[in-house]
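Q: Input: one structure, supplied below.
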Amino acid sequence: MSIWLRIFCLLFFSCQRSKSLSYAPIYKDQEFIFECVDVHNLLRTQLHPPAANLQYITWDEGLAKTAKAWAKRCHPGHNTHLENIRQSHPIFNGLGENIWTGPIYLYSPRLAVKSWFSEEQFYDFQTNTCSRVCSSYIQVVWDTTYKIGCAAATCPRVGNLTDVIHFICNYVLSGNTNRRPYKEGKFCTQCSKGDKCLDMLCSNSEREKLKHYPFWYPEWEVPRPVVCDLRCLSCLTFRIILFMLAVLIVFLLQHKFPNIQLEKDILLITTEKETVSKEYYPGSNQTPQQEENRV
């Protein structure tokens, strides 16, 4: 009985594990997008000292595609293509990036972003220094960051970790330690010209417009999705039109000249005549007409 119980438990937990490993939020999922954006904007209003010029963050499809392409590689390090033009975004280069890797049962976008934000304890705003690693916190609260794109992948192994979720967010603009991440002051008191205050952050409808890149994917993504962009569609349409014109021309020529013969038909007729000649006059190289004239 104990053996069957062990087998049952083994099968049960194997099924649970396979279900967990198959779970990874899709970067196009609206709930996933809302959670990623919402937690970033919420944490950007909870700074000490408070920020006067932080911009409101919205979603970017291109950044999410880059995050997805790198996350599914299950690589423990940062994306090596972020600085290259058009390698990680159709418009931007020099992207920022944060990575969270952990057990499946602990994962949520909100928890991952909060773990980056928790590095605040290692950052000294007055001296702009970090006692320990705090680059993820600086990126989350960087004042000119206004676009993010995130994605997650289930990975059998990332470095020394096994059966984990690999969660990545990419940012425009990227943060750094060359200056303080924001200006100290009452919220929205130092927004850029044309901005308005939205949820204690500087918002601009023109800057926050959602853009779509249906035909763009990172060139280094493996396997790379097969897509046909506008140039591809134009070429395909042009070829179809040429084919239809060729068919139409052939049809009109055959209708205009019903007795026209193709080259293969002419060769076939010539071959048949030569065969007939050999059948009637097997020892002669002359045609039947020439043989009759000779006689």
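Q: Does F92 meet the test of being open to solvent by 20 Å² or more (accessible area, probe 1.4 Å), within 29 Å of K193 (Cα to Cα), outside any loop (DSSP other than H, G, I, E, B) and out of contact with any Lys or Arg (no Cβ under 7 Å at 6 or more places or on another chain)?
A: So F92 fails the test.
Q: With the range 101-216 as the region, which strands (runs of 3 or more DSSP E) entirely inside it contain at least 2 residues that are in contact with a Phe, Trp or Tyr (Cβ under 7 Å, 6 or more places away or on another chain), more than 16 Å from A71 (Cβ to Cβ) and open to solvent by less than 30 Å² (accessible area, probe 1.4 Å)?
A: 201-203
Q: Something else now. Consider the range 109-128. How many of its residues are farther than 15 Å from H48 by Cα and polar (S, T, N, Q)?
A: Residues flagged as farther than 15 Å from H48 by Cα and polar (S, T, N, Q) within the range 109-128 amount to 1.
Q: Here is a follow-up. Which number in (1) at pLDDT 95 or above; (2) polar (S, T, N, Q); (3) surrounded by fewer than 16 Cβ atoms within 10 Å (Cβ to Cβ) marks the one condition that N53 misses?
A: Here N53 clears every test but (3).
Q: Can you go through S22, S14 and tell me which one is more than 30 Å from Y217 (Cβ to Cβ), among the hydroxyl-bearing types (S, T, Y) and at pLDDT below 95?
A: None of the others qualify; the one that does is S14.
Q: Run down C134, C169 and say which single residue is under 25 Å from the mean Cα position of the chain (by Cα), hydrophobic (A, V, I, L, M, F, W, C) and closer than 22 Å to E83 by Cβ.
A: Exactly one residue qualifies, and that residue is C169.
The values are calculated or read from the model by the stated rules, or taken from the named source; none is laboratory data. Computed from a predicted structure; not experimentally measured. Cβ: placed from backbone, ideal geometry, glycine included. Neighbour counts: every protein chain shown. Please note that ligands, DNA and RNA were not included when accessible areas were found on the heavy atoms of the full protein model with its side chains. Shrake-Rupley method; radii C 1.70, N 1.55, O 1.52, S 1.80 Å.
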